[in-house]
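Notes to accompany the following structure.
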Amino acid sequence: MNKKDLADLIFPDITKTIEDYEKEYPERKLKENAKVTRFAPSPTGFMHIGNFMAVLIDYVVAKSSEGIFYLRNEDTDKSREVKGAVEYIRHILETYNLNPDEYEYRDLNETKGDYGPYIQSERIEIYHTFIKHLLIEGKAYPCFLTQEEMDFIRESQARDKRRIGIYGRYAKYRNLSVEEAIERIKKGEKYTIRLKSPGDFNRKFKFNDLANGEMEFPENDIDTPIMKSKDRLPTYHFAHLVDDHLMQTTHVVRGQEWISSIPIHYELFKTFGFKMPKYIHIPLIQKKDGEKVRKISKRLDPEARMSYYEEKGYPTYAIIESVMTIINSNYEAWREGHPNSPFTDFPFSPKKMSSSGALFDLDKLDNISKNYISHLTKEEVYEGVLKWSQKYDEGLYNILTKYKDYSMDIYNIERCQKKPRKDYTNWSEIKSKTWYMYDEYFKNIKYDFKDYNIDDVRKILKTYINNYYNEFDTEEQWFNNIKLLCNEFNYATNIKEYKENKEKYSGSVIDVTNMIRIALTSLDMTPNLYNIIKILGKERVIKRIENI
Ligand code: GLU
């Protein structure tokens, strides 16, 4: 009996060879230097900001070189799969317009691209073919270590401060005879398949990571599992090797947590003689927590999840910009010089990424977002809030649908000018800044006229409505009328004059306008009052003032 018999026993149905697959995945016909990137999430949780950063880099690298950006669903860990995670990934890619060129959406029965299947659980036959090849070559073997034995090995290694893993004398089954292996399998013993590592831990090799530069690692000598016993699915290490090879990924963008796996991946590619893609290991995303800077945490920080930004209603542009600024420190300067260019035009450089961590700052996001929203048209703001409210605030959605033009007029206050007012940070915030304009929300109001004399307030408001309010006034006419109103009640129209002679007056024009402001909005700070009065319109203005 030989290795082929063992391989046939383990994979009786696998008749194809690696060469067959090489033919099915012919060389991609792309422009010279075009890059092929992939987003390869495991659907074991909801998409977080670190994933998003990887996608942006994948996208920029592919698009700026007229290459391919594809999506691969790495669903080989069935026990950790989270329902809805795959759909959510698609939703985010669609929302941010980062659509992959190749993908497979099983629930929609939709596939694009010639290098699939793009879902790992549909590629089992392919992985098995590659593993079978290794078995025949004697480069992999079935390992019969039980969970208890492995736990025992791990504990003893930890106790003796040795490296953890199945290597050297711990790799008990690496030299088992074919006959014995076959006998055990026939008896129904459980096994995983491990790579028979040819590495030597005392030898070093150099590896060039595009983000972190040249690094030196000891060779891998651990007999890494490549196929799990439970469901015969490959491990991540093995599946990524096969897929990135066949799908011809040129650049792998992934989290820094994978750096420690480089020796294994280097060895796997070498074992098959495949060209390794280039790797860009991206920094951890950090945040300020008081004085400290720490890693952003999915558990502790709501902003670590992509859903946070959607719930808050940040425009997608603001999120992309904020994340781009932490990807490369020269992004902001580039943006200043290219205010209207798509972010994909940015000359991204992996070398300009910080290896120590990328600090994500919510205040900065707010600023970017405010600035962005301030430059939108009233129609765009309306569309933004409307779409957000449709999902998150039904009451607001109904109001916005009913008062479309009215709402746009509100959003237009102090908008069409050189330095537009930066009122709104995100769509969810707009209600809290405009609620008083809608009678539906302007109910059961507790007015606070501060220390104004309430009799004065009543008289002034009444006189304003009866003698000085005219719905068709221009801003200038309106203000002249306010001044007349001031004169009538002995309020100074000139602030400087008032400050110098306070005893002569009951107050100033600021107080008078504030009384009107509070009566109409219940607030003592609002955008331009003239605009508010104009937009509220005669009926509301009179009703609200009569209410006082
Ligand atoms: N499936 C891996 C993960 O979600 C992907 C790592 C990679 O991009 O290769 O962490």
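In terms of surrounding Cβ atoms within a 10 Å radius of their Cβ, Glu500, Glu414 rank from fewest to most as Glu500, Glu414.
Can you give me the angle between helix 85-95 and the longest principal axis of the chain, using Cα atoms only, in degrees from 0 to 90, rounded to the nearest 10? On a 0 to 90 degree scale, this one is about 50.
The amide H of Gly255, built 1.01 Å from its N in the peptide plane, has Ile282 as neighbours under 5 Å, considering only residues 5 or more places off or on other chains. Counting only alpha carbon atoms, the long axis of helix 454-463 and the longest principal axis of the chain meet at about 80°. In terms of its C-alpha gyration tensor, region 41-123 comes out oblate, because a/c is 1.5 or above while a/b does not outweigh b/c.
For the chain, a simple Cβ point-charge model (Lys and Arg +1, Asp and Glu -1, everything else neutral) yields a dipole of about 1000 debye relative to the Cα centre. Projecting the Cα atoms of Gln390, Pro527, Cys416 onto the charge dipole of the chain (Cβ charges, centred on the Cα centre) puts Pro527 farthest toward the positive pole.
Given R₀ = 25 Å, what would the calculated FRET efficiency be for Asn97 paired with Asn330, taking r from the Cβ atoms and rounding to 0.05? Result of the calculation: an efficiency of 0.60. For the pair Glu122 and Arg540, label points projected 7 Å from Cα toward Cβ lie 5.3 nm apart. Helix 49-64 and the long axis of the chain differ in direction by around 80°, with both axes built from C-alpha atoms. FRET efficiency for Ser354 and Asp160, Cβ-Cβ distance as r, R0 = 35 Å, nearest 0.05? My answer for the efficiency is 0.40.
In order along region 203-215, phi translates into HN-Hα couplings of 9, 10, 9, 9, 9, 9, 8, 5, 8, 9, x, 6, 10 Hz, rounded to whole numbers, per the Karplus curve 6.51 cos²θ - 1.76 cosθ + 1.60 with θ = phi - 60° and x for Gly and Pro. Length available on full extension from Glu503 to Lys391: 0.36 nm per residue minus the Cα-Cα distance, which gives 34.8 nm.
The local environment of Arg294, defined by Cβ-Cβ distances under 9 Å, has a net charge of +3 under the rule Lys, Arg +1 and Asp, Glu -1. The modelled label-to-label distance for the pair Thr474/Gln417, using points 7 Å beyond Cα in the direction of Cβ, is 1.6 nm. Relative contact order of region 488-548, taken over Cα pairs closer than 8 Å and 6 or more residues apart, is 25 percent.
Which shape class applies to region 310-379: rounded if a/c is under 1.5, otherwise prolate when a/b exceeds b/c and oblate if not, where a ≥ b ≥ c are the square roots of the Cα gyration tensor eigenvalues?
oblate
Straightening the chain between Asp451 and Glu303 buys 49.1 nm, computed as 0.36 nm per residue apart minus the Cα-Cα spacing.
At 0.36 nm per residue, and after removing the present C-alpha to C-alpha distance, how many nm does the segment from Asn208 to Val293 gain when stretched out fully?
Working: separation 85, 0.36 × 85 = 30.60 nm, distance 2.83 nm.
Between Asn208 and Val293, full extension yields an extra 27.8 nm.
The overall shape of region 386-481, judged from the alpha-carbon gyration tensor, is prolate: a/c is not under 1.5, and a/b is greater than b/c. Projecting label points 7 angstrom from Cα along Cα→Cβ for Tyr21 and Glu81 puts them 2.0 nm apart. Within the shell of other residues whose beta carbon sits under 11 angstrom from the beta carbon of Ile319, the net charge comes to -2, with Lys and Arg scored +1 and Asp and Glu -1.
Only DSSP H runs of four or more residues enter the estimate; each adds -39500 (n - 2.57), and after division by the residues of the chain the mean residue ellipticity at 222 nm equals -13500 deg cm²/dmol. Would you kindly derive the ³J(HN,Hα) couplings of region 274-290 from the backbone phi angles with the Karplus curve 6.51 cos²θ - 1.76 cosθ + 1.60 (θ = phi - 60°), listing them in order in whole Hz, with x for Gly and Pro? Per residue, the Karplus-derived 3J(HN,Hα) values read 8, 6, 7, x, 7, 10, 10, 8, 8, x, 5, 8, 10, 9, 7, 10, x Hz. For Val36, nonlocal amide neighbours, meaning residues 5 or more places apart or on other chains whose placed amide H falls under 5 Å from its own, are Ile68, Thr250, His251. Going through the cross-link list Lys63/Lys387; Lys31/Lys278; Lys29/Lys132; Lys206/Lys275; Lys29/Lys112; Lys187/Lys228, which pairs have a Cα-Cα distance over 23 Å in this structure? Check vs 23 Å cut-off fails for Lys63/Lys387; Lys29/Lys132. Relative contact order, whole percent, for the chain stands at 12, derived from Cα pairs under 8 Å and 6 or more residues apart. Cβ-Cβ distance of Tyr236 and Tyr406, R₀ of 56 Å, FRET efficiency by 1/(1 + (r/R0)^6): the value works out to about 0.55.
Rule-based calculations on the coordinates, nothing more; no lab input. Everything quoted here is computed from the prediction, not taken from an experiment. No Cβ is skipped: glycine too gets one built from the backbone with ideal geometry, and neighbour counts run over all protein chains shown.
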